[in-house]
Amino acid sequence: MHARAAVIALVLGLTSLACKPSGTVDPSIAQADQAGQADPLALYDLLEGRIAAGTDSEADRVAALEQVRAAADDQSAAYAYVRAAVAGRVAEGRGLKALKLLEEMRTWALTSIERDPGYRDMAATRMLGTLYVLAGQHLADGDSEQGLELLEDVVAAHPEAPTNHLRLAEGYIALGDPEPAFPSLCLAQGARAQLSGEEQRLLDGLLADIGGADLLACDAGGGS
């Protein structure tokens, strides 16, 4: 999927959705809330595991979001991050029909940042930056250039993480300015084994968008 098409598919920067259109809720997701007190972070990790395995359904994502919404907000960055991330997972398959979910995602990502900007190595900032770059024009107070600045901040703080470079490269390419993305693409390409399957597919899509990996002229160390 090309970067501009990803504006509609969005949101965590994932360009290949594994979930089935609807489906039934997997017992592991349904049983996470047996006592009416699901652990949001554990539920999120469970959902992400199913997504990584390509076994999740839309019903899994919706059920997880409902459970997270029902859980008590313990005022932690973790709760806010999970609330934003799971809303984003539901939104991924709905395009512009998901604007309310995207606003929910933005609100809770901002809340997570306010509570602890360093949580999970600035994961909420990376999420918010990607959201603004890919869908900022559809959100209240969303700004694609601000999103790019957020992604640059994450890379500056955690340059060792290839996921951060991948999202920054995605941002540049989505905004029609691919050349500044080349160093980050080289680094992500050199650390490909550290990326998830979804992230590797995103990387392949971005390389296709710029005309192929050969244009990068990466050196042996992964730089451009």
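The values are calculated or read from the model by the stated rules, or taken from the named source; none is laboratory data. Quick caveat, the model's predicted, so the values are computed rather than measured. Cβ atoms come from the backbone with ideal geometry, glycine included; neighbour counts cover every protein chain shown. Quick note on the areas: whole protein, heavy atoms, side chains included, nothing else; ligands and nucleic acids left out. Shrake-Rupley method; radii C 1.70, N 1.55, O 1.52, S 1.80 Å.
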Exercise. For the chain, modelled as a Gaussian network with Cα springs under 10 Å, which listed residue fluctuates most, 129, 171, 211?
Worked result: 211
Exercise. Among 156, 123, 188, whose mean-square fluctuation peaks in a Gaussian network model of the chain (Cα, cutoff 10 Å)?
Worked result: 156
Problem set entry | Span from the segment 30-94 Cα centroid across to the segment 98-153 one, whole angstrom | 18
Seminar exercise, completed: Distribution output for the chain: share of Cα-Cα pairs per 5 Å bin in percent, first bin at 0, values 1, 8, 15, 19, 20, 17, 11, 6, 2, 1, 0, 0
For this session: With only Lys, Arg, Asp and Glu charged, each at its Cβ (+1 for the first two, -1 for the last two), find how big the charge dipole of segment 47-153 is about the Cα centre; round to the nearest 20 debye.
Result: 420
For this session: Rank 200, 111, 63 by how far each Cα sits towards the positive end of the charge dipole of the chain (+1 on Lys, Arg Cβ; -1 on Asp, Glu Cβ) and give me just the farthest.
Result: 63
Exercise. With every protein chain left in place, what is the accessible area of residue 122 in Å² (1.4 Å probe, nearest 10)?
Worked result: 40
For this session: Kindly provide log₁₀ I(q)/I(0) values, in the same order as q = 0.16, 0.23 Å⁻¹, from the Debye equation applied to equal alpha-carbon scatterers of segment 85-211.
Result: -0.77, -1.47
Seminar exercise, completed: In deg cm²/dmol, rounded to the nearest 500, the helical mean residue ellipticity at 222 nm of the chain, built from -39500 (n - 2.57) for every DSSP H run of length 4 or more, is -18000 deg cm²/dmol
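Using only C-alpha atoms and all pairs of different ones, pull out the Kirkwood radius for segment 139-224 in Å with one decimal.
After inverting the mean inverse Cα-Cα distance, the result is 12.9 Å.
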For this session: Positive end of the charge dipole of segment 84-189 (Lys, Arg +1 and Asp, Glu -1 on Cβ, about the Cα centre): tell me which of 93, 187, 157 has its Cα farthest that way.
Result: 93
Exercise. Which distance in nm do the two modelled labels at residue 158 and residue 192 give, with both placed 7 Å along the Cα-to-Cβ direction?
Worked result: 2.3
Seminar exercise, completed: Quick calc of log₁₀ I(q)/I(0), segment 74-129, Debye, one scatterer on every Cα, no solvent, q values 0.19, 0.20, 0.27 1/Å, result -0.55, -0.60, -0.96
Problem set entry | Sum of side-chain charges, residue 171 neighbourhood, beta-carbon under 11 Å (Lys, Arg +1; Asp, Glu -1) | -3
Exercise. With contacts defined as alpha carbon pairs under 8 Å and 6 or more residues apart, what's the relative contact order of segment 120-224 in percent?
Worked result: 21
For this session: Quick one: what are the phi-derived ³J(HN,Hα) couplings along segment 126-131, Karplus 6.51/-1.76/1.60 with θ = phi - 60°, whole Hz, x for glycine and proline?
Result: 4, 4, 5, x, 5, 4
For this session: Let me know the charge dipole size of the chain about its Cα centre in debye, to the nearest 20, where only the beta-carbon of Lys, Arg (+1) and Asp, Glu (-1) is charged.
Result: 560
Problem set entry | In nm, spacing of pseudo-spin labels at residue 139 and residue 99 (7 Å Cα→C-beta vector) | 1.5
